[in-house]
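J.: Mind looking over this structure? Questions follow.
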Amino acid sequence: MYLVNTRIPFKTLRVVKADGEQLGVISKSKALEIARASKLDLVIIAEKADPPVAKIIDFDKFKYEQQKAKKEREKKSRLSRIDIKEVQFRPGIHEHDVIVKTKKIEQFLEKGNKVKVIVKFFGRERAHREQAQPLIDIIFNKLAEIDVKYDKAPDYKGQHVWFVLTK
């Protein structure tokens, strides 16, 4: 939140015009007169300085530019962010389903995302977790042509085996 015009609690301020010209240390009332004469606002930009620094600017335009810059920063951070997508398998999965899911994994990897692959075991399947290794090999072989590698090697945890793939 910015301190603007009459909301400024300080008696003396270091004032800077919109074009960058320094007016020096002057009283708040004198700075407000100068701001009103040029039909602009007096805005505190460095409250902790001694004396606080105020700038004579168009406050609405300043807020608009701040919002625009914030949206641009958020947009850039979204574009550079790497998402981790998740694909789940079961040990008794049919071969065609494996092909469909590996194509989906391939699409995620082409977009630059990482993919977390989970092989889930239910009930009595938990006693035969070794069945996950042939399935993992099949998945990895189907993706070998796009040069996929492990970001996190297969990890056996409770009722599932999971690993992360990256390109």
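J.: Apply the Karplus parameterisation 6.51 cos²θ - 1.76 cosθ + 1.60, with θ equal to phi minus 60°, to every residue of the range 14-23 and state each ³J(HN,Hα) to the nearest whole Hz, in sequence, with x for glycine and proline.
T.: Per-residue couplings from phi come out as 8, 10, 10, 6, 4, 7, x, 6, 8, 9 Hz.
J.: Here's something else I'd like to know. Among 54-63, 157-166, what's the highest-first ranking by average C-beta atoms within 10 angstrom per residue?
T.: The densest-packed peptide leads the list: 54-63, 157-166.
J.: Could you give the nm distance between label points at His94 and Gln107, where each point is 7 Å from its Cα heading toward the beta carbon?
T.: 1.9
J.: Taking amide hydrogens as modeled 1.01 Å from N in the peptide plane, which residues meet the under 5 Å criterion relative to Glu86, leaving out close sequence neighbours?
T.: Lys116
J.: Along the charge dipole of the chain, which of Leu109, Phe140, Val53 sits closest to the positive end, that is, farthest toward it, with unit charges on the beta carbon of Lys, Arg, Asp and Glu (+1, +1, -1, -1)?
T.: Val53
J.: Determine, from the Cβ-Cβ distance of Ala49 and Ala69 and an R0 of 22 Å, the FRET efficiency 1/(1 + (r/R0)^6), rounded to the nearest 0.05.
T.: The formula returns an efficiency of 0.50 here.
J.: Along the charge dipole of the chain, pointing to its positive end and built from +1/-1 on Cβ of Lys, Arg, Asp and Glu, which listed residue (Leu42, Ala18, Ile84) has its Cα farthest out?
T.: Leu42
J.: May I ask you to derive the relative contact order of the chain, considering only C-alpha pairs under 8 Å and at least 6 residues apart, and to give it as an integer percent?
T.: Result for the chain is 16 percent.
None of the figures in this text is laboratory data; all of them are computed from the coordinates on show. Just so you know, these numbers come straight off a predicted model, no measurement behind them. Note that we place each Cβ from the backbone using ideal geometry, even for glycine, and neighbour counts take in every protein chain shown.
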